[in-house]
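The values are calculated or read from the model by the stated rules, or taken from the named source; none is laboratory data. If you're wondering where the values come from, they're calculated on a predicted model, not measured in any experiment. Note: ideal-geometry Cβ built from the backbone for every residue, glycine included; neighbour counts use all protein chains shown.
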Amino acid sequence: MTEVGNQAPNFTLPDQDRQEVVLTEELTEHGVVVLAFFPAAFSSVCTKELCTFRDQLGNLDRLKNTCVLGISVDTPFSLKAFSTQEALNFPLLSDFNKTVIRAYGVVNPDMIGLKDISKRAVFVIGSDGSIRHQEILDDARLEPNYEKLYEVVKAI
């Protein structure tokens, strides 16, 4: 299980264009990474959440050199369609094999019949690879506390 202050588990996952994304490389390039785990592409709350990140990404960049990475167990093909439909301006990563959601402790064992998908969760990873903030929601109908997220990014 991950905790604030611990090193974030590194990973390599394909994005919606089937290009590999490596967490440590994103940290080197951007300095701060926000991991936004979400249960399923095209669902109403996930759409609202990711569109909030889309619309606020400029604010995060102004706070710090920050990138957002969305992560779900959907296939890259589903994520591509979702990203295109919502005009998302950040990568969506496919954890189809469910290794990263396990490493971060955000597995939802059963959400209305969907087995072992991601809980809604947000992690802020500092340039040193340490977890600076985490919010794991057990109720997928809720969204993360965006104000707290911005405060943490601003303080890094």
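Quick rundown of the values:
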read-out: Lone unmet requirement of (1) among the hydrophobic types (A, V, I, L, M, F, W, C); (2) surrounded by 14 or more Cβ atoms within 10 Å (Cβ to Cβ); (3) within 22 Å of Val152 (Cβ to Cβ) for Val4; value: (2)
read-out: Strands (runs of 3 or more DSSP E) enclosed by the range 1-59 - at least 2 residues per element that are on the phi < 0 side of the Ramachandran plot and not hydrophobic (A, V, I, L, M, F, W, C); value: 12-14
read-out: Count of the range 135-152 residues which are part of a strand (DSSP E or B) and free of Cβ contacts under 8 Å to residues at least 24 places away in the same chain; value: 2
read-out: Qualifying residue in the range 85-107 (condition: over 22 Å from Leu27 (Cα atoms), in contact with a strand residue (DSSP E or B) (Cβ under 9 Å, 6 or more places away or on another chain), of a type outside the set (S, T, N, Q) and free of Cβ contacts under 8 Å to residues at least 12 places away in the same chain); value: no
read-out: Residue selected from the range 26-53 under the condition among the charged types (D, E, K, R) and surrounded by 13 or more Cβ atoms within 10 Å (Cβ to Cβ), by the criterion nearest to Ser130 (Cα to Cα); value: Glu26
read-out: Residue count, the range 36-53 (criterion: among the charged types (D, E, K, R) and within 12 Å of the chain's Cα centre (by Cα)); value: 1
read-out: Meets criteria (modelled with pLDDT of 90 or more, over 13 Å from the mean Cα position of the chain (by Cα) and not charged (D, E, K, R)) for Thr28; value: yes
read-out: Qualifying residue in the range 8-19 (condition: touching a strand residue (DSSP E or B) at 6+ places or on another chain (Cβ under 7 Å) and under 22 Å from Tyr146 (Cα atoms)); value: yes
